[in-house]
1. Only helical DSSP H runs with n ≥ 4 go in: add -39500 (n - 2.57) per run for the chain, normalise by residue count and round the 222 nm mean residue ellipticity to 500 deg cm²/dmol.
2. Counting heavy atoms of the protein chains only and a 1.4 Å probe, report the per residue accessible area for the chain as a whole number of Å².
3. Of the listed pairs Lys262/Lys322; Lys41/Lys150; Lys262/Lys304; Lys103/Lys344; Lys103/Lys304, which have alpha-carbon separations greater than 32 Å here?
4. If you count, for each residue, the other Cβ atoms within 10 Å and average over each peptide, how do 230-240, 65-75 line up from highest to lowest?
5. Each residue of the range 134-146 in order: what ³J(HN,Hα) in whole Hz does its phi give by Karplus 6.51 cos²θ - 1.76 cosθ + 1.60, θ = phi - 60°, with x for Gly and Pro?
6. Classify the range 25-73: rounded, prolate or oblate, from the alpha-carbon gyration tensor (a ≥ b ≥ c, eigenvalue square roots; a/c under 1.5 rounded; otherwise prolate if a/b is larger than b/c)?
7. Mean projection of the alpha-carbon convex hull of the range 188-279 over all orientations, in nm²?
8. Looking only at the range 1-20, which residues have a backbone nitrogen under 20 Å from a spot 7 Å from the Cα of Ile65 in the C-beta direction?
Amino acid sequence: MALTALKGRTAGPGRHTDGHGLCLVVRPSGSRSWVLRMQYKGVRRDFGLGPVHDVSRSDARCLAIELRKMVRSGKDPVKERGLRRANTPTFEMVTRRCYEAMKKGWKDRRNLSWISSFENHVFDEIGAKRVDAIDSVQVLKVLEPIWMEKPDTARRLLQRIGTVLDYAHIKGHIPAEISLRLVTRGLPRQIRQVEHRAAMPYAAVPAFLQKLARQERTIGRDALQLTILTAVRSNETRYATWDEFDLDAATWSIAASRMKMKQPHVVPLSAPALALLHRMRAEHEALDGYIAPGRALFTLTGRKPISDTTFLKAIRDMKIDKITVHGFRSSFADWAAECIQFPKEITEKALAHRVPNAAEAAYRRTDYFVKRSELMAKWASFLMD
């Protein structure tokens, strides 16, 4: 439907079609301009016809007719009329701007993987195209080669490309939001195979932990013991600092910024965990910094924490190949389900899992600290007896 004079004056931000490719583009700032979108030599191009205060609606329609005639006769409107396409950045330019704007809120690992996924799979295909020329068809071409071969990477890329296009819209480079919801309709169904991290049967964990404790003491082995005793994630141990621990109150307080679910978590420390921490502190003569520092040094910030590899080495040194550090959380969960009469929500809270039901989470504010203290004491007793 052609634009009326009233709609041309009152239309909100977005791209409003007048017909046959002629559009009124209204920026979030309120500026209005005419753009003609056409296919020229198989490539979709936008030609700026000027702002509405210089080019009236009737003039824009006349210009559009003239330019369409040029294209049908094989002429380039840019060369013939000296027109320049809208000053829109390329998809790669916008992606890098989006990355710079957002990376401060991400973890280091995501910082690296986010932009590298575009460099490896996206920029060669659509990086040089103007960002307002990117649509579902272009995104489909990017994803098709890796959709089945690298399904996880492909799904993440689909989400990340959507983030870039949303950023381009907010910045005024794209007049309307672009939905990528239908992209997967043009792709085969992925067969997702859930691979759980290898875990030790809970009945075998006590013998493993006791054998580990008899080995020559290293920071990695001590940190692994603490991780098993507290059922935390490995990163929560790796980056733990002494100021998080109150050994008198037998608590370990982990800030929300360090937790996967971005909620603060207080871990009750059992007697064996406390004894281990007291020994680690005395042996390493540490009062501050990481409880498990690595060997490498930072120039400005002191020692790094131990790496995940150090944890795995402590396991591999025990001649065990297929067990992961994270798997001990599964061992704990299985033990709690099989061996004790504790409600499931207490075990879930001990593992710092988020309550999946939003309404339930809104009313259930307790962290079950007293019950969790009892639970962790029973776990320690099971491990040490």
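The values are calculated or read from the model by the stated rules, or taken from the named source; none is laboratory data. These figures come from a predicted structure and were not determined experimentally. Positions of Cβ are generated from backbone atoms using ideal geometry, with glycine treated the same way; all protein chains shown enter the neighbour counts. Only protein heavy atoms, including side chains, enter the accessible area calculation; ligands, DNA and RNA are left aside. Shrake-Rupley method; radii C 1.70, N 1.55, O 1.52, S 1.80 Å.
1. -13500 deg cm²/dmol
2. Ligands and nucleic acids excluded, the result is 57 Å² per residue.
3. Lys41/Lys150; Lys103/Lys344
4. In decreasing order of mean packing, 230-240, 65-75 become 230-240, 65-75.
5. These are the phi-based 3J(HN,Hα) values: 7, 9, 4, 5, 5, 5, 4, 5, 5, 7, 3, x, 10 Hz.
6. oblate
7. If you wrap the Cα atoms of the range 188-279 in a convex hull and average its projections, you get 8.5 nm².
8. Only 1-5, 17-20 fall inside the zone, counting backbone N under 20 Å.
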